[in-house]
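A quick write-up on the structure given underneath.
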Amino acid sequence: MSRRAILLAALVLLVLWQVASMLVNKAILPSPLKVAQVFITELNDGLVTHFLASLWRVLASMGLAILFAAPAGLILGQSKSLDNVFSPMIYLLYPVPKVVLVPVVLLFLGIGDLPKITIIFLILFFQILVLVRDQAAALRPELLQSVCSLGAGRRALFRFVYLPASLPAVLTALRQSIGTSIAVLYVAELFATQKGLGYYIYLNGSTLLNYPAMYAGVVAMSLLGLGLYFGVDWLERRLTPWQMAT
Amino acid sequence: MIHVRSLTFAYPNNPPVFRDFNWQVERGEAWAVLGPSGCGKTTLLYLLAGLVFPSSGCVQVDGQPLTRPRPQSGLILQEYGLLPWATVRQNAELGLRIRTFYGPDGKHAPEDFQPTVTVDPWLVRLGIDWLADKYPGQISGGQRQRTAIARTLAVKPDLLLMDEPFSSLDAPTREGLQTLTLELAAEQGLTLIIVTHAIEEAAIMGRRILLLGTPPNTEPTIIDNPGAGQPDYRETVGYLEMCRNLRSRLEAL
């Protein structure tokens, strides 16, 4: 997608927002210009700290999820017998909406970053696990046999076949999960914290009734999601160039 | 070079494909294994490659029973053998990279292996040097098979095993690659075994032809084809007679 098309879409959305705010004409829907002004002011007044706290939680969750789920997916994709053991469990757990576990995770892990990172980790973990497992299992036996015939044992197969083959699955899983992760981040940051965009949005929207600041938080959270989305796009271009080329 | 002794092989819960089967290949010979679908010709190739193992009996290469793929054997399949995420050059380097990865352990790489990833001469010889930075998805089927051949020859095999390598290619590309393969096999002194269901291909490629029929295969049916590999053999009466002969022998099996 071209940058021009994205900019144009952003412009259209801003115009629609402006029109909607003029039609509604109430404090609960300020104009984008007003929100932009407050956004810039709030940047110097703690919004950056909240943004960084949220960014850290998402990135840590992503890193941990890749670290645990990608190897687990590769192992299950390679081993039919292990997959037969774990598949029923994954089948049952995968569709459970992880966001309902927020109170449980908070009860077990208490306050601080850990429960928030854990809950996003759980979402990403299953998404990456399932996609990487399916990708590894779908590798054609002919491909594996021809690489084996070149002398590859299990270690070389992992290095030269399974690892690069799983990269697109990891990136696809991340891309698919970014929206859900940010949504769950918001819910997770409503509890037991005074840092993070979720807390910031809720505080300004429900307690301080400072709607422009609340919208500035919403914009920051959207930018967080967009930034991650673009980041995954960039990684995809860098790490999986063959997909772009073909 | 290859001794197949009292080979019996069956896939789980299936009748045997080979039963007490014996066969022998001398160094430097060019063999075609011909037979209809399901006769066991690909299975035989995989047994020779050390990718599957006999239920009883044994496959010996250079006097050693095969217990795993042999570093000096090269295998080329019909398709899907190339890594889609690697360029032509990276694919051609794969065998050398795997050997460098393990080092000269005598198991994954020959004990006299000198770590190197130079494949340029092979890319040039196969006429694909100008495609070095392309991905398999960006090149034609013939160019993909040239890449697979470059990858296999780069590891300096003494035995080249090919499983219907040209069957998905158009006729001119197929004929070009058949000729090139015979040239390369002669140049490198390779023992060549090509599995095919195409009578014409067997007649062109195999100086000796092993016919397989409906399983279980018990006795090898071998036809000598001394004209194979000679220039313009395709245009000769001998070639046409060999094709007719093979067709009638196959129908009789």
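General remarks:
- Straight-line cross-link partners of A:K195 among the lysines, defined as a Cα under 16 Å from its Cα and at least 8 positions apart when in the same chain: A:K116.
- Taking the helices alone, chain A has a mean residue ellipticity at 222 nm of -25500 deg cm²/dmol, built from -39,500 (n - 2.57) per DSSP H run of at least 4 residues and averaged over all its residues.
- Debye-formula intensities of the range A:31-245, expressed as log10 I(q)/I(0) at q = 0.09, 0.15 Å⁻¹, are -0.44, -0.97 (one equal scatterer per alpha-carbon, no solvent).
- Using a Förster distance of 51 Å, the FRET efficiency for A:W56-B:Q138 (Cβ separation, nearest 0.05): 0.80
- Cα gyration tensor shape of the range B:110-171, rounded if a/c is under 1.5, else prolate or oblate by comparing a/b with b/c: oblate
- Share, in percent, of DSSP beta bridges within the protein assembly as shown that are antiparallel, nearest 5: 45
- Close amide H partners of B:L159, meaning residues 5 or more places away or on another chain with modelled amide H under 5 Å apart, are B:G74, B:T191.
- Listed residue (A:V38, A:F160, A:L228) projecting farthest to the positive dipole end of chain A, Cβ model: A:F160
- Remark: the protein assembly as shown projects, on average over all directions, an area of 30.2 nm² (convex hull of Cα atoms).
- Fewest-first ranking of B:K107, A:K98, using other Cβ atoms within 10 Å as the exposure measure: B:K107, A:K98
- Normalised convex hull volume, the range A:135-199, alpha-carbon set, Å³ per residue: 112
- Theoretical gain in end-to-end length, A:M244 to A:L23 [0.36 nm per residue, Cα-Cα removed]: 75.2 nm
- Separation of alpha-carbon centers, the range A:189-246 and the range A:44-107, rounded to whole Å: 18
- Simple label model, 7 Å out from Cα along Cβ direction - B:L240 to A:R140, nm: 3.7
- Taking each DSSP H run with n ≥ 4 as -39500 (n - 2.57) and averaging over every residue of chain B yields -10500 deg cm²/dmol at 222 nm.
- Least to most buried among A:F191, A:F125 (fewest other Cβ within 10 Å first): A:F191, A:F125
- Among B:K134, A:K26, B:K41, the order by Cβ neighbours within 10 angstrom, fewest to most, reads A:K26, B:K134, B:K41.
- Estimated distance in nm for a label pair at A:L67 and A:L209, the labels positioned 7 Å out from Cα along Cα-to-Cβ: 4.6
- Peptide-level mean, for A:151-158, of C-beta atoms on other protein chains within 10 Å: 6
- Pairwise label distance in nanometres, A:L226 with A:V48, each label 7 Å out on the Cα-Cβ vector: 2.0
Rule-based calculations on the coordinates, nothing more; no lab input. On a predicted model such as this, the values are computed, not experimentally measured, just so you know. Methodologically, a virtual Cβ is constructed for each residue, glycine included, from the backbone with ideal geometry; neighbour enumeration extends over all protein chains shown.
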